[in-house]
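The values are calculated or read from the model by the stated rules, or taken from the named source; none is laboratory data. These figures come from a predicted structure and were not determined experimentally. In this analysis, Cβ positions are derived from the backbone assuming ideal geometry, glycine residues included, and neighbour counts consider all displayed protein chains. Side chains included, ligands, DNA and RNA excluded: accessible areas come from the protein's heavy atoms. Shrake-Rupley method; radii C 1.70, N 1.55, O 1.52, S 1.80 Å.
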Amino acid sequence: ILVHGWSHDLQIANNRVLNNQGTLSGGITIGQGEHPDSFQVGGAATATVPGSCITNTGRAPTNMDLPFCFDMDVSVHNNAVTQNSSLGDELFSSTPAGAGGVTFCNGSDYYKFNYNWVCGNMSTGDGAGVAQIGYSYDGDIEHNTILFNQSTNPSITTNGGGLLVMGAPDQDPPCALLNDNDCLSAPGTIS
């Protein structure tokens, strides 16, 4: 199940998501895996389209990140998400991330993930059962059973076998500074 953007008030409930494989998630993915610059209180980006859904920031401190509002109030509840796998997403340079079971990505603001059975999922990167990756404003994960999930890779360190909550990845370094397989080449050059 993939919910990419602008699916407000969606409910994903009473499903058996079993034995699937994908990159960002094998089971359920909510939000955008891309990592755009955040909108900030008092920042220049707050005037850009689409902007944040919160316009009255009142007493909010300067430079506080505002929600992206791509998928607001999505409720994922009473599902069995079992035996799914993820190869991890290519957007992460150090360790691929993406839960085999359920992944909430940027802009999954005000989401609810409640009363789910997440069991026996696998990832070759960070996250295996449930992952929140990037910036999602005011999400809620509670009353779930998350067990027997595994995050493993023979060549890199992995984290978050059951539940992973992580921010956006660091930007790739320029090739001139660090010889890295996924460094950013200057325009017109080959690395």
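Points worth noting:
- Qualifying residue in the stretch 133-152 (condition: in a loop (DSSP other than H, G, I, E, B), open to solvent by 40 Å² or more (accessible area, probe 1.4 Å) and β-branched (Val, Ile, Thr)): yes
- In the stretch 9-27, the residues that are part of a loop (DSSP other than H, G, I, E, B) form Cβ pairs under 9 Å with partners that are acidic (Asp, Glu) and open to solvent by 70 Å² or more (accessible area, probe 1.4 Å), at six or more places apart or across chains, as follows: 9/73; 10/73; 23/90.
- Of the residues examined, residue 87 is not one that is more than 20 Å from residue 16 (Cβ to Cβ) and in contact with a helix residue (DSSP H, G or I) (Cβ under 8 Å, 6 or more places away or on another chain).
- In the stretch 130-143, the residues that are within 16 Å of residue 101 (Cα to Cα) and polar (S, T, N, Q) form Cβ pairs under 8 Å with partners that are outside any loop (DSSP other than H, G, I, E, B) and open to solvent by 60 Å² or more (accessible area, probe 1.4 Å), at six or more places apart or across chains, as follows: 132/165.
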